[in-house]
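So the structure is just underneath, and the comments pick up after that.
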Amino acid sequence: MEVVIVPDAKAGGELIAEAMAALVRRKPDALLGVATGSTPLPVYEALAAKVRAGEVDASRARICQLDEYVGLPAGHPESYRAVVLREVVAPLGLSEDSFMGPDGSAEDVQAACEAYDQALADAGGVDLQLLGIGTDGHIGFNEPCSSLASRTRIKTLTEQTRVDNARFFEDDLDQVPHHVITQGIGTILDARHLVLLATGEGKAEAVAQTVEGPLSALVPASALQLHRHATVVVDEAAASKLKLADYFRHAYAEKPSWQGL
């Protein structure tokens, strides 16, 4: 995989936003997979700024979710559907018709998982999937020891993940759902381009295990090693435990500009 080390989160956001913009210029109806949480916000802010400045026309772009909580009431502000509509779809000037996501309030959750997996395939597949990474190496909500061939399915969250996400629920752990629908690792690997963004020292160990460690279900993000076009963008803090950091810097500095990410 390609590793790009940037000075800070803002630089990483700008770099990835330009890659998304370039994709949309080439393919106006591109399907962009988005992640939630605080890490990808600089990406969405930079991409929205490009749209406002007329640098890219995103009016035909499509957006799809990576995961969704199970059991939150319809319209709950912290459902990932609401978050994506608020942080990505609206700032890009898109309508809800451009958006795809799993139904976390479905009576038959398994059927909803299978339907979303099929909907992604029917839409032609994800062109670029943006990913974050957990401190334990999870991507989406594929917790450690998830199958590397898994498809969209229901998962039980670890207590650490629930604790990490409590900040979005008024720091009240009791409000954080125990279950989610998540694209499986196999589903994620179907995307044509995977871009993982990680910032901060707290992600450094997970990044090192993902990039330089063995392929292992214990570190679900290590599955990116199997992908034909995977890019890992990290700030200096998140890169601090990479043994090959100097090589990654050299390789990116010498990369032909026409290749893009």
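The values are calculated or read from the model by the stated rules, or taken from the named source; none is laboratory data. Quantities reported herein were computed from a predicted structural model and do not represent experimental measurements. With ideal geometry, Cβ positions are generated from the backbone for all residues, glycine too; neighbour counts draw on all protein chains shown. Just the protein is used for accessible areas: all its heavy atoms, side chains included, with ligands, DNA and RNA removed. Shrake-Rupley method; radii C 1.70, N 1.55, O 1.52, S 1.80 Å.
Looking at 188, 181, just one residue is closer than 25 Å to residue 110 by Cβ, open to solvent by less than 10 Å² (accessible area, probe 1.4 Å), in a helix (DSSP H, G or I) and among the hydrophobic types (A, V, I, L, M, F, W, C), and that residue is 188.
Okay, residues lined up against (1) part of a loop (DSSP other than H, G, I, E, B); (2) open to solvent by 10 Å² or more (accessible area, probe 1.4 Å); (3) in contact (Cβ under 8 Å) with a residue 40 or more places away in the chain; (4) out of contact with any Phe, Trp or Tyr (no Cβ under 8 Å at 6 or more places or on another chain):
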residue	(1), (2), (3), (4)
38	yes, yes, no, yes
42	no, yes, no, yes
54	yes, yes, no, yes
72	yes, yes, yes, yes
147	yes, yes, yes, yes
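The residues of the stretch 208-235 that are open to solvent by less than 10 Å² (accessible area, probe 1.4 Å) and either part of a strand (DSSP E or B) or in contact with a Gly (Cβ under 9 Å, 6 or more places away or on another chain) (or both), listed by number, are 210, 220, 221, 222, 223, 230, 231, 232, 233, 234.
For the stretch 106-129, indicate whether the set of residues that are in a loop (DSSP other than H, G, I, E, B), more than 25 Å from residue 28 (Cβ to Cβ), open to solvent by less than 50 Å² (accessible area, probe 1.4 Å) and modelled with pLDDT under 95 is non-empty.
Step one: filter the stretch 106-129 for residues in a loop (DSSP other than H, G, I, E, B), giving 106-108, 123-127.
Adding the requirement that they be more than 25 Å from residue 28 (Cβ to Cβ) leaves 106-108.
Checking the rest, the ones that are also open to solvent by less than 50 Å² (accessible area, probe 1.4 Å) come to 106.
Filter once more, so that each one left must be modelled with pLDDT under 95: 106.
Taking every residue of the stretch 106-129 in turn, at least one turns out to be in a loop (DSSP other than H, G, I, E, B), more than 25 Å from residue 28 (Cβ to Cβ), open to solvent by less than 50 Å² (accessible area, probe 1.4 Å) and modelled with pLDDT under 95.
Tell me, yes or no, whether the stretch 15-22 has at least one residue that is in contact with a helix residue (DSSP H, G or I) (Cβ under 8 Å, 6 or more places away or on another chain), open to solvent by 40 Å² or more (accessible area, probe 1.4 Å) and farther than 27 Å from residue 161 by Cα. For the stretch 15-22, residues in contact with a helix residue (DSSP H, G or I) (Cβ under 8 Å, 6 or more places away or on another chain), open to solvent by 40 Å² or more (accessible area, probe 1.4 Å) and farther than 27 Å from residue 161 by Cα: present.
Residues to consider are 62, 151; find the one that is basic (Lys, Arg), closer than 28 Å to residue 223 by Cβ and touching a residue at least 40 places away in the same chain (Cβ under 8 Å). Break it down stepwise before answering.
Values: 151 fails: touching a residue at least 40 places away in the same chain (Cβ under 8 Å).
Just a single option satisfies the conditions, and that option is 62.
A search for C-beta distances below 6 Å between a residue of the stretch 238-257 that is open to solvent by less than 100 Å² (accessible area, probe 1.4 Å) and any residue that is among the hydroxyl-bearing types (Ser, Thr, Tyr), counting only pairs 6+ apart in sequence or on different chains, returns 238/199. Looking across 78, 68, one residue alone is assigned to a loop (DSSP other than H, G, I, E, B), among the charged types (D, E, K, R) and more than 18 Å from residue 12 (Cβ to Cβ). It is 78.
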